Amino acid sequence: MLVFSRASLLSFTCLLPPALALSAPETSAPPTQTVLTETAASQSTSAQTQIPPVDAKAPVDAKALVDAKAPVDAKALVDAKALVDAKALVDAKGLVDAKALVDAASSRTDAATRDEGANPVDPIAPTRVLLPSALPSGDARNDRITFAYYPADKTKVSSSGAPAVVLLPYLGATDAPEFHRFARYLAARGVASAVMTLPFHGARSVGDPPVNHFVNAPIDTVVKTWNQASSDVSTVVTWLGAQPGVDRTRIAGAGISLGAIVLHLTMGRDSRIGAGVTFLGGGDLPFIFEHSLLTKIYVRNRPRRLTAEEKAKLRTIDPLSYAGFNRPRRVLMVEGSRDLVIPPRSSQELWQALGRPPIRWIPTNHLALQFAQPQVRRASFEFLQAVWRGDTDLRAPKISVPTLKVGFLSGLDSNVTPALTLEPFTLGHGLHHLPLAEFNVGLSGRGLYAGIATPLSQFIDIGLARRLSGSKIRPYLSFHVGF
């Protein structure tokens, strides 16, 4: 019998390390402790106000990061060891020159990478970067955007500069080593990346689980948190576009579960993100909030059934509300047809609203992608490369993930018996984005068996199988939950 604690369910169901989690443990060097001097926070925007899309053709507006009219204490901005000239940042009136501040911050990062412990043997040693959040929550611990910047291997970068990818983890991620492995994978192929820490996660924690801000909270708080997450992604995009050697016309994103939904939302608001790869995301947040296994387990601070007013507020942060702005761009969606955290209906609805971009359905729940980490990295890179080459016939790369099913078997010489079944490979496409046929091997209360089946739904298969100890092929029904 498998037993999951609430804590373990949060680690896995909440946005597992799906696409990028297992594989042989690689040692990933911790980010170099290089910290950008923090600036005055940008002007806040009401968390319940829809943020208009950003024009991709507009030059970077440094004022979006720094309020140029706010008086600033130069000493607070630049400490004694700073690598920038404080006088160059403050004019005669004591006001910040926003452009100089952004330029100086960028140059300081480069210098600090060289001077503060970058490993000369490792050409892609990461740098830890801190920036102020443009939509602060009011808690200083959370209102500092934190990310690890992995520069591209310069030997693999063309004269036009390196593309860059913002990597957005799942709900509950702390250090997220699988994302750092992903970043190294991209850097070795000439792609820079930023592994973000989302609000209320890791170093931005305020002492309670992030689910208490993104899901298990009054809807006004939920909306404010999601808006901050989306705004923070745009701030990181601005920073990436200002880095020497980065091609600001080729900035993309990749996200998993929570990260995938935040990326869909931000791509609808910020057209500078020209491409995206999303794993196990979806739209129609009111439906997700009422039907997701996650909310059924964790929502305690408010009723799970939403009012009409709450649904309207959630739609201000719903990717569906911004899908029309996202449609001209290039998105790859990878979804689970047995997903209990992000219902397949939500993924299907967003796919339709986005104009049916390339999509790959895998017959799993919200966990199995952790066993396909190398395939996920490869598929993401192949798709983004195709976008950056200008390919017009974009396709979803193949991803094969074995599915584990836990439940009961009826048939095969028994009325009902517990069963653990592995689905190593499938054929064709059937109902509900499930396979037309699947090959199964398993262990039931009556012993080992093997057979072929057709899914009737995400919970029921019908098929023919033979026990290894038997001599006849017999029909059976499987009732299960897939992982």
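Laboratory data are not the source of any read-out in this text; all were calculated from the coordinates shown. Here the structure is a predicted model, which is why all the values come from computation and not from measurement. Because the Cβ atoms are built from the backbone with ideal geometry, glycine has one as well, and the counts that use them run over all protein chains shown.
Quick rundown of the values:
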item	result
Spin-label pair F439/D208, simplified geometry with 7 Å Cα→Cβ offset, distance in nm	5.0 nm
Ordering of 464-474, 196-206 by packing [mean C-beta count within 10 Å, highest first]	196-206, 464-474
Nearest-0.05 FRET efficiency for S471 and D220, computed from C-beta distance (R0 56 Å)	0.30
Translational diffusion of the stretch 306-453, µm² s⁻¹ [Kirkwood Rh, Cα pairs; Stokes-Einstein; 20 °C; 1.002 mPa s]	120 µm²/s
Alpha-carbon centroid distance for the pair the stretch 131-154 / the stretch 331-350, whole angstrom	29 Å
Residues D413 and Q385, FRET efficiency given R0 of 41 Å [Cβ-Cβ distance, rounded to 0.05]	0.20
Additional length obtainable on full extension of the chain from I462 to F425, 0.36 nm per residue less Cα span	11.7 nm
At q = 0.22 Å⁻¹, base-10 log of I(q)/I(0) for the stretch 403-482 (Debye sum, equal scatterers on each alpha carbon)	-0.93
Alpha carbon convex hull of the stretch 226-377, projected area averaged over orientations, nm²	9.5 nm²
Inter-label distance for D393 and S159, nm, one decimal - labels placed 7 Å from Cα along Cα-to-Cβ	3.1 nm
Neighbour net charge for A152 - beta-carbon separation under 13 angstrom, K R +1, D E -1	+3
Highest average packing first - 171-181, 295-305, Cβ atoms within 10 Å	171-181, 295-305
Mean-position separation - Cα centroids, the stretch 184-206 and the stretch 229-288, in angstrom	12 Å
Phi to ³J(HN,Hα) by Karplus 6.51 cos²θ - 1.76 cosθ + 1.60 over the stretch 452-462, Hz, x for Gly, Pro	10, 9, 10, x, 8, 7, 5, 10, 9, 10, 10
Stretch gain in nm, segment V481-N301, where the contour uses 0.36 nm per residue and the Cα spacing is subtracted	62.0 nm
Full-extension gain in nm, H432 to R315, via 0.36 nm per residue minus C-alpha separation	39.5 nm
Mean separation of Cα contacts under 8 Å (6+ apart) over length of the stretch 379-483, as relative contact order %	22 percent
